[in-house]
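The structure appears below as structure tokens.
No value in this document is a laboratory result; all are computed from the given coordinates. This structure is a prediction, so every number in the text was calculated from the model and none was measured. Don't worry about glycine lacking a Cβ; one is built from the backbone with ideal geometry, like all the others, and counts go over all protein chains shown.
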Amino acid sequence: MTSSAEPHVHPRGIKLGVDVGTVRVGVAICDRDEILATPLKTLDRNPRKNSDVRVIAALAADRGAVQIFVGLPRTMKGEEHASARMATEYAQLLADELDRAGSDVPVHLIDERLSTVTAHRSLHEAGMSSKNHRKVVDQVAAAGILQHAIDMQKARGTDVGSRVRALPRAGLSGHAAADTAERPGPETETRSSEDGKLQ
């Protein structure tokens, strides 16, 4: 049995990064060796049907992902406002969708301060005109979020960010219901510090 004093070793393999916006959602992926995060896809946000959430869950299954990082936007003072609440709610939707699909892929919120600003700068430096940024900036931002997460995992040798667990589902009974009911949501789960380290 692993001692609680030991760091939680992070899963190894392909991982997804998600940048949540009100209109679009960017998705990025890293290789199996967790060396490089690359832009993968930009999805239209569908808050009524959440079809984009289902697409990401399907991508995780199709690509054999072992972990998903959702960017948590904070102000430079480390405060969380409407965009952070939106990202937290999205991460919860994703965790719930994965659970419904029978997947145990963990979803973690990770500090993404300035990821979109950095993505715009990178695209500008690459010679892309500003009017074309919109098509890819979200997935480039997602790649920045994912790269930050996997780099921190390697540097620390432990997992990073805040785990978001699926909420209890109606119809569960017995041991399954008890096990699920004990899982904390994003509000009670271990919060990440400003640099994404578990506290």
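For the reader, a short list of remarks on this structure follows.
- Counting only the Cα atoms, the stretch 10-75 fills a convex hull of 98 Å³ per residue.
- Distance between the 7 Å Cα→Cβ label points at R54 and E89: 2.0 nm.
- The stretch 23-111: equivalent-ellipsoid semi-axes (sqrt of 5 x gyration tensor eigenvalues, Cα, Å): 21, 17, 13
- A Förster distance of 22 Å, applied to the separation of the beta-carbon atoms of R12 and S103, puts the FRET efficiency at 0.80.
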